[in-house]
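Enquirer: Below you will find the structure I want to go over with you.
Where a number appears in this text, it was derived from the coordinates with a stated rule and is not lab data. Every value quoted in this text rests on a predicted model; they were computed, and no experiment measured them. Here the Cβ is made from the backbone with ideal geometry for all residues, glycine too, and neighbour counts use every protein chain on show.
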Amino acid sequence: MLSDIIDVLADPVDGSPLSGADDFTRLVSESGHSYDVARQGYVTLADGSGLNHHGDSMAMVLARETFLSGGHFAPFVEAVTAGVHEALEDNDVPLQARPVILEVGAGTGYYLSHTLDDVADSRGVGLDVSVHAAKHLAKCHPRVGSVVADVWERLPLRDGSVDAITVVFAPRNAAEFHRVLTPGGQVIVLTAEQGHLDELREPLGILGVQEAKVERMMEKFDGLFDLVDADLVEFPMTLDRDSIAAQIGMSPSARHIGPEELASRLAALPPTMTVTARARLTRLAKVPRSPEDSPS
Ligand SMILES: C[S@@+](CC[C@H](N)C(=O)[O-])C[C@H]1O[C@@H](n2cnc3c(N)ncnc32)[C@H](O)[C@@H]1O
């Protein structure tokens, strides 16, 4: 709930602290701005100009939920949660401190809720620019606060307030991640690697993973974060046609292939297929750039 994370939220306009008002039906900042909490439990924290991006549609969020509920990506979720444990251990974060885990582009909250279940007493900020995702995030775990915000803007979070950030197949803002992390805090990023879903590319005509994605990501983090480790996570999945349809429905390919064309390509597939899942889990640690950034 938003009350669990209110001590880390900040006014998107000027960064001043937010607090709950009128039984948490509104969040108000010290500077006097007010943000209504939607009845579904999420809050939109954007400055007066609104949001420039929309993120995933309702259909994409539902397809994501269908696919993930099949457990096909379980090794990915285990790897992300293990990365959070390692990040907290590396930084000697005591669990009784109720560590704050921010997931950016959190989608349905599948990854964040698993991590919160595994890290006792942790609290989660599920941030996504999609209102449809935010509705799911608000329900995904009792210790999650759901926030609609754009990762390319100033994040509505206080300086040095977040113990670990996870980003799974979603956009990353290195400068803002550096600002909101505690000294020594880490970012855990899962990015698709070449070979991911390869067996589906030709028969369905879906987009491939660009080469050297991780290298390009590291350029953006240069000077702000040090690489801690980067591990390949690869496993086979047995997918039936419905699962494949859900996988395509939650991906950018959904925007490129018309529904009728997709249905006919899916109908031509065998009843089940073995498909490779392949991604890189990268851990990055905040580099101190001022005395306040240094771990004590
Ligand atoms: C590929 S999905 C991944 C969702 C989730 N991490 C998962 O793997 O199940 C990318 C997510 O990032 C969100 N997103 C896209 N652009 C964004 C932005 N500018 N700021 C915040 N979230 C964004 C989308 O709405 C979507 O939920």
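Enquirer: Give me the Kirkwood hydrodynamic radius of segment 88-129 in Å, from all C-alpha pairs, to one decimal place?
Expert: About 10.7 Å, per the Kirkwood formula over Cα pairs.
Enquirer: State the percent of C-alpha pairs, over all pairs in segment 18-154, separated by a distance greater than 23 angstrom.
Expert: Numbers: 3526 of 9316 pairs.
Above the 23 Å cut-off, segment 18-154 has 38 percent of its Cα pairs.
Enquirer: Hey, with R₀ at 22 Å, roughly what FRET efficiency would Asp121 and Asp90 work out to, going by the Cβ-Cβ distance, to 0.05?
Expert: Computed FRET efficiency for Asp121 and Asp90: 0.75.
Enquirer: Using just the helices of the chain, give the 222 nm mean residue ellipticity in deg cm²/dmol: DSSP H runs with n ≥ 4 each add -39,500 (n - 2.57), and the total is spread over all residues, rounded to 500.
Expert: The helix-only estimate for the chain comes to -9000 deg cm²/dmol at 222 nm.
Enquirer: Could I ask something else about it? State whether segment 209-248 is rounded, prolate or oblate according to the following rule on the C-alpha gyration tensor (a ≥ b ≥ c being the square roots of its eigenvalues): a/c under 1.5 gives rounded; otherwise a/b larger than b/c gives prolate, and the remaining case gives oblate.
Expert: In terms of gyration-tensor shape, prolate.
Enquirer: Moving on to the next point. Beta carbons within 10 angstrom, averaged per residue: use that to sort the peptides 226-239, 89-102, highest first.
Expert: On the way: 226-239: 14.2, 89-102: 16.6.
Ranking the peptides 226-239, 89-102 by packing returns 89-102, 226-239.
Enquirer: So what's the convex hull volume per residue for the Cα atoms of the chain, in Å³?
Expert: Numbers: hull volume 37.0 nm³, N = 296.
Hull volume over Cα atoms, normalised by residue count, gives 125 Å³.
Enquirer: Then there's this: Between segment 155-226 and segment 53-118, what is the C-alpha centre distance in whole Å?
Expert: 13
Enquirer: So, one more: Mind checking the full-extension length gain between Glu211 and Met58? Use 0.36 nm per residue of separation minus the Cα-Cα distance, one decimal, nm.
Expert: Working it through step by step, the gained length comes to 52.1 nm.
Enquirer: Starting from the Cα-Cα distance between Ser19 and Arg241, subtract it from 0.36 nm times their residue separation and give me the gain in nm to one decimal.
Expert: 75.2 nm is the gain from fully extending Ser19 to Arg241.
Enquirer: Okay, next question. Among bridges DSSP assigns within the chain, what percent are antiparallel (round to 5)?
Expert: The antiparallel proportion sits near 60 percent.
Enquirer: Here's something else I'd like to know. Would you mind telling me which residue in Val37, Val144, Val84 has the biggest mean-square fluctuation in a Gaussian network model of the chain, where springs connect alpha carbons within a distance under 10 angstrom?
Expert: Val37
Enquirer: Can you find, among Ile101, Ser130, Gly208, the residue farthest towards the positive end of the dipole of segment 49-288? Put +1 on the C-beta of Lys and Arg, -1 on that of Asp and Glu.
Expert: Working it through, the farthest residue towards the positive pole turns out to be Ser130.
Enquirer: Suppose we look only past 18 Å in the calculated P(r) of segment 64-111. What percent of the Cα-Cα pairs does that tail hold?
Expert: Here the tail beyond 18 Å accounts for 40 percent of pairs.
Enquirer: Rounding to the nearest 20 debye, state how big the charge dipole of the chain is about its Cα centre with +1 on each Lys and Arg Cβ and -1 on each Asp and Glu Cβ.
Expert: The dipole of the chain has a size of about 560 debye.
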